[in-house]
Amino acid sequence: MGEFELIRNFFAAAPCAQGGEGVALGIGDDCALLAVAPGEQLAISTDTLVAGVHFADPCEPFLLGQRSLAVAVSDLAAMGATPLAFTLALTLPTVSTDWLQAYAQGLNAMAQNCGVRLIGGDTTRGPLTLTLTVFGRVPAGLALTRSGARAGDLLCVGGDLGNAAGALPLVLGQRSAEPALAEPLLAHYWSPQPQLALGQALRARPRRRWTSPMACWPTAAISPRPRRLVCRSRSRSCRCRRRCWAFSASSALAPRP
């Protein structure tokens, strides 16, 4: 199966690839075209998932389709952006019709849930790797940025800390756990929900806040990570009351920072 046939059969006809608000030209040309209204900025982020590093191979392709897009869209949520479109660069060791069909279904399900459109990408042969670039729109000057953090700002985290980090050793087969603990962790890992509403709500507040989509970070073990990233970007320090953090019971499974 050639590249264009693969795209046509599994992605171009998907509901999430049928254009929409802000998409002037989607799949099928040398470039896609996005339309951003005056007074808005385009938020762009790229995430790569590699087999054996971010997920086990083999794994359930439907779930992988959901997660690969959710992780990328979560970066838009962190900026308070509204999802607009995404591209997919897909590297496959072999072409499996069943695998592609299931992956495309999971990807489309998450795209429909987040209101984001597939507008292009690339395919090639090699070790299984997924690279997604997401585009969102945000009112000019109102994005929630790490570099914009300042004294008195509120550091916000969506969801319990430790779920994705606790699940990763289970996903990679490095650790086992009782079903009562493993099942909710794996469900959280494979079907994360980008905190779009939280990011947009914080952006709309009179004083800007900074939010982190911890629900999707595999290494979110580490409660210090979001504050460390914010502080490094501003050469500042911050204090967090440990009792205020909502830790998951799974944190015991997570690797230490």
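The values are calculated or read from the model by the stated rules, or taken from the named source; none is laboratory data. Quantities reported herein were computed from a predicted structural model and do not represent experimental measurements. Please note: Cβ atoms are built from the backbone with ideal geometry, for glycine as well, and neighbour counts cover all protein chains shown.
Does residue 182 meet the test of being in the same structural domain as residue 53 (by TED's automatic domain parsing), small (Gly, Ala, Ser) and crowded, with 16+ Cβ neighbours inside 10 Å? It is false that residue 182 is in the same structural domain as residue 53 (by TED's automatic domain parsing), small (Gly, Ala, Ser) and crowded, with 16+ Cβ neighbours inside 10 Å. Among the residues of the stretch 47-64, are any modelled with pLDDT of 90 or more, of a type in the set (D, E, K, R) and touching a strand residue (DSSP E or B) at 6+ places or on another chain (Cβ under 9 Å)? Checking the stretch 47-64: at least one residue is modelled with pLDDT of 90 or more, of a type in the set (D, E, K, R) and touching a strand residue (DSSP E or B) at 6+ places or on another chain (Cβ under 9 Å).
One residue alone among 174, 105 is among the polar types (S, T, N, Q) and under 20 Å from the mean Cα position of the chain (by Cα), and that residue is 105. Restricting 116, 95, 134, 171 to residues that are in contact (Cβ under 8 Å) with a residue 60 or more places away in the chain and not assigned by TED's automatic domain parsing to the domain that holds residue 33 narrows the list to 171.
The residues of the stretch 118-169 that are touching an Asp or Glu at 6+ places or on another chain (Cβ under 8 Å) and not in a strand (DSSP E or B), listed by number, are 128, 140.
Only one of the listed residues (77, 72, 43) is under 12 Å from residue 136 (Cα atoms) and out of contact with any strand residue (DSSP E or B) (no Cβ under 7 Å at 6 or more places or on another chain). That residue is 77.
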